[in-house]
Structure formats: structure tokens, C-alpha cells
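Written below as C-alpha cells is the structure these notes are about.
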Amino acid sequence: MGWALISVYNKEGIRYFARELNNLGYEIIATSSTAKEIAKENISIHEISEFTGFSELIGGRVKTLHPKIFAGILARRDKEEDLEELKRNNIPLIDIVVCNLYPFSEIIKKENVSLEEALENIDIGGVSLLRASAKNYPFVLVVSSPQDYQEVIERLKNNRVDEEFRKSMAIKAFSYTSLYDQIITNFLSNNPPESLNITLKKELELRYGENPHQRASFYLLPHQELPWEKLQGKELSYNNLLDLDSAWNLIMEFSEPAVAIIKHNNPCGVAESFSPISAFRKAYESDPISAYGGIVACNFTIDEECAKEMIKYFFEVIVAKDITETAKRIFERKKNLRVLIYREDKNYKNPWEIRSLRTGYLIQEFNNSLINGYEVKTSKKPEEKDLEELTFALKVVKHTKSNAIVVSKDKKTLGIGAGQMNRVDSVRIALEKAGENAKDAYLASDAFFPFPDSIELAGKYGIRAIIQPSGSIRDQEVIEKAEELGIILVMISLRHFRH
């Protein structure tokens, strides 16, 4: 039938794929670790060193980079001179290349990753295999994602691997290597690349956009898949997807059981607690009026008790790390409710945050930081509990539209002021929502206070402590006002605007 080369870091599904190829009559060449995995299926395999007659070199850094491999991939089947040259050198044609790359993007997320470790996880041979087979797509099929294994096998069985399909797979492979190179460039230079090419595939056709008269679709990078599993409910809308992304970004700030309820791309209720049911109740009680029709995100497995409580109210979407079988059956009572499980580590995450303007695009790094140090500016010092409460409020304010103010207590939001044109209005809205509960509560601001008037207003409501970025020319006036009112004032250097 032909030859297939397999060299994969992510071995998900590779045994199934190799077995099916073997059943179809393909001879399989594999790199050493991939061959060990495939051998569990009792399949005859040609290890790369056996095929090339050359052992892997320098600790496995050089495996597939050999003329016998690349000639077999790059030979043009419609050029007699290419075929004759292969025949003289006893090189078989390689018709299928299956390859995915070292997980560079995952390695560099590790805390205190060394440059040496990062460099060791830059794939060389894999990228070369993908590019060579994609370049020769009129004759070679390249498979760069485990998600494509089943479709490829079905097409091979039904003789439906035509040039159009091979081209689509080549585009996916080039997109994969392009993103891979962008991530490496960003890591080494800490700067956006000079030019940026992005190929996207349409994943979902949406009924409409932000408003019914606007057309809209949802796209992914070619090698990505949906990061969530939808269990039930109506189709997701454009606005649902925006709110879902905001909700998940916020909930991933927390390690203890936490719930975030999002409405119009802003949090309206957020809480962290000792148990899932407690976290949900606290989040809902934060602002039950605004929570109506909201998006609920949970960083835990939803159980029966939590599901029973949730279906008492109207929400558009509920998303969690996982959901028990009993909880799933409870949610089924509300057929239109969209219920999702978010697979946090299922994909490469996007390397850049990109927003379109009327002409041109804005590109920036994601805001992956919270605090890089703090200074207590008042004689009244925070206790450990105060710092925990201030950190909770800051996590929420980071994901709230600017100008943003969050008032919270007992790791539960009491009032949120978002998107106002001046900061004192945001302070007033947050404090008025908190009301009497603001006494001895905590206040976080996404940017500095330009005047002491907001501190004075916080004092009238009995706020215990404030956390805010420094940087105003009137910082000293703000500090003096906090000192006068007996409010703990903690300043940080990072600002958290979100427009």
C-alpha cells in the first residue's frame, strides 16, 4: 500500500491510528519513543535508525533529519527523474507523515523555567517533517493533530484522500508550525513579532453577532479544538462566548472553590469558599438581580447539591471543570440551559490578545500577572487575613471593565462599579451596592486614585482596607487621607485596566 512515518510527542490515539494504518497495509516508520508506544499493539514497525541505517545522535536531538527520510517525503511523483533517483538509492516513497511537536508553550509556563530547558523543548526534526510533507501536499498527506486521526482513517478506507483534503491538512500543519515559531520568538525576544500571519478555521456558525442584524462566526486556529464540551442546551451565541471567556479567565485566578457570575462581560457576583455549594450561594447573594440570565463559571466539579441549588434560578450558561452524572441529570430538567465542561489544558492557548480597530489591529500580551510586590503606606498595618481579602478583591477587579472598583468581604463581592467615565462614580456605585455591608469591608481599584475624594467616600462607608496601584502625582494626598480616616492603604505597582 505505501509507507507512513510517525513521530509524535503527544501520543493520544496513536496506537489506534497505527493499528488502522497497519490493517490498511501501510509499512510504518517510527521514532524510538513512538515505536515503543505503537509496539504495544503488536504491530510490525521500522524504527527510524533501522530504516536510515544511522542511529539517533546527540541525545536524540538528531533523529529524522536524514536524506532517506526527506527524499522519500519530498519526491515529486509526477517527475520521472525524482522517482528514478529514489530507485537508484533504494529509498521508498513516504505517503503519510504523522507528527506533533515538543510542548514548548507548556514548558515555558512552568515557574522559573530555565533557558536551557526551554531550548531543549524547541522541536527541530518535527517542524522539518511537517513543512516538508505540507510542501509536497499534492502527493503526501500530513497529519499534525490527534483530532484528525479518525477522519483520516475513514477517508483512507473509502478512498477519499483527494488533493483538496491534503491541501487542507497542509494548511493546518503550516499554521501549527507558524504558531509554534511565534511562541518561541515571543519567549526569546519578549516582543511581538514584526509580522503576524494567522490562519483560522470556522468552528461555529452563529445565529447572529452582538445584535441580531450582525453576522458572526467563531473561529479557531487550525490545530485547535473547542476547549469545552457542551452537554446540553441551546446553541451558544456571540455574547455567550464573550461572557464565557471572561468568566473562565476570572475563575482561573482562584485555587479554592470559587464561582463567578458574569453579566455583559463584567462580574456581578464572585465568591471563594470552603465548598462548592457555599461558593455558589455567596456569589449569587452578591447581586441576585444582576445574576438573572448570567453566565456561571465554577473552578470545581459540580455535584448534586450544587446543581439542585443552581436550577432554582435562571442562567444562560453554566460552565465548570467537571459535572457529576447525577448533576447532569438534574440540569436536564432545564432543556434550554447551556451546560459546558471546560477542558482547561486541551489546547495551545492563544499567544496574543488581538483586537480589531476600524483600520488595523492591536496586539498585546495577556495580563497574566496580579501582584509583583506591595507597600503598606499607612501606620495601620494589614494582618494576614486583610491581605487575603485584598487579594481576592484585586483578582475580581482585574477582570472588571475600567474604571473598576470592587468592594468585598469574607471573599465575597458586595458591590462592583464598572466601566464608568470617572473613578469616583465607580467607587460610589460599588459602595452603594454594598450598603451597610461595606463596614469593615475591602476595596480594590484597577488603577490609582487621582484625588483623595474616593478615599473620603470609602471612609464614610467604613471600609477597612484599600488596595490600589501607585503612580498618581497626588499619591501622597491619597495616603494622607487614608491615614486620617484610619484606613489601611496598600499600594502595588501593577495597573489592571480592562477596556
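Yes/no matrix, rows are residues, columns are (1) touching a strand residue (DSSP E or B) at 6+ places or on another chain (Cβ under 7 Å); (2) at pLDDT below 95:
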| site | (1), (2) |
| --- | --- |
| K172 | no, yes |
| Q182 | no, yes |
| N211 | no, no |
| S217 | yes, no |
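Please indicate, with yes or no, whether at least one residue in the range 52-70 is assigned by TED's automatic domain parsing to the domain that holds I94, at pLDDT below 85, among the basic types (K, R) and out of contact with any Asp or Glu (no Cβ under 7 Å at 6 or more places or on another chain). Yes; the residues of the range 52-70 include at least one that is assigned by TED's automatic domain parsing to the domain that holds I94, at pLDDT below 85, among the basic types (K, R) and out of contact with any Asp or Glu (no Cβ under 7 Å at 6 or more places or on another chain). When the range 162-174 is limited to residues that are surrounded by 17 or more Cβ atoms within 10 Å (Cβ to Cβ) and closer than 23 Å to Y16 by Cα, the one that is farthest from the chain's Cα centre (by Cα) turns out to be R166. In the set (1) among the charged types (D, E, K, R); (2) crowded, with 18+ Cβ neighbours inside 10 Å; (3) at pLDDT below 95, the condition left unmet by E225 is number (2). Filter the range 461-476 for residues that are under 20 Å from E389 (Cβ atoms) and over 36 Å from the mean Cα position of the chain (by Cα) and give the result. Y461, G462, listed by residue number.
Only one of the numbered conditions (1) touching a residue at least 24 places away in the same chain (Cβ under 8 Å); (2) in a helix (DSSP H, G or I) is not met by K385, and that is (1).
For the range 186-216, the set of residues classified as over 30 Å from T324 (Cβ atoms), surrounded by 12 or more Cβ atoms within 10 Å (Cβ to Cβ) and within 19 Å of the chain's Cα centre (by Cα) consists of N186, F187, P192, I198, T199, L200, K201, listed by residue number. May I ask you to say which residue of N336, N367 is touching a His at 6+ places or on another chain (Cβ under 9 Å) and either surrounded by 15 or more Cβ atoms within 10 Å (Cβ to Cβ) or farther than 30 Å from I479 by Cα (or both)? Just one listed residue meets the conditions, N367. Going through R355, R343, R329 one at a time, which residue ends up being without any contact (Cβ under 8 Å) to a residue 12 or more places away in the chain, out of contact with any helix residue (DSSP H, G or I) (no Cβ under 8 Å at 6 or more places or on another chain) and within 30 Å of L179 (Cβ to Cβ)? Unique residue meeting the criteria: R355.
This table checks each residue for (1) farther than 18 Å from K481 by Cβ; (2) touching a residue at least 40 places away in the same chain (Cβ under 8 Å).
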site	(1), (2)
I429	yes, no
A438	no, no
D446	yes, yes
P450	no, no
D453	no, no
L457	no, no
K460	no, no
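In this structure, is V62 farther than 21 Å from S33 by Cα, surrounded by 12 or more Cβ atoms within 10 Å (Cβ to Cβ) and of a type in the set (A, V, I, L, M, F, W, C)? So V62 does not fit the description; no. Within the range 447-460, the residues that satisfy the criterion of being touching a Lys or Arg at 6+ places or on another chain (Cβ under 7 Å) and outside any helix (DSSP H, G or I) are A447, F449, P450, F451, P452.
If you go through the range 484-498 and keep only what is crowded, with 16+ Cβ neighbours inside 10 Å and not basic (K, R), you end up with L485, I487, I488, L489, V490, M491, I492, L494, H496.
The values are calculated or read from the model by the stated rules, or taken from the named source; none is laboratory data. This structure is a prediction, so every number in the text was calculated from the model and none was measured. Note: ideal-geometry Cβ built from the backbone for every residue, glycine included; neighbour counts use all protein chains shown.
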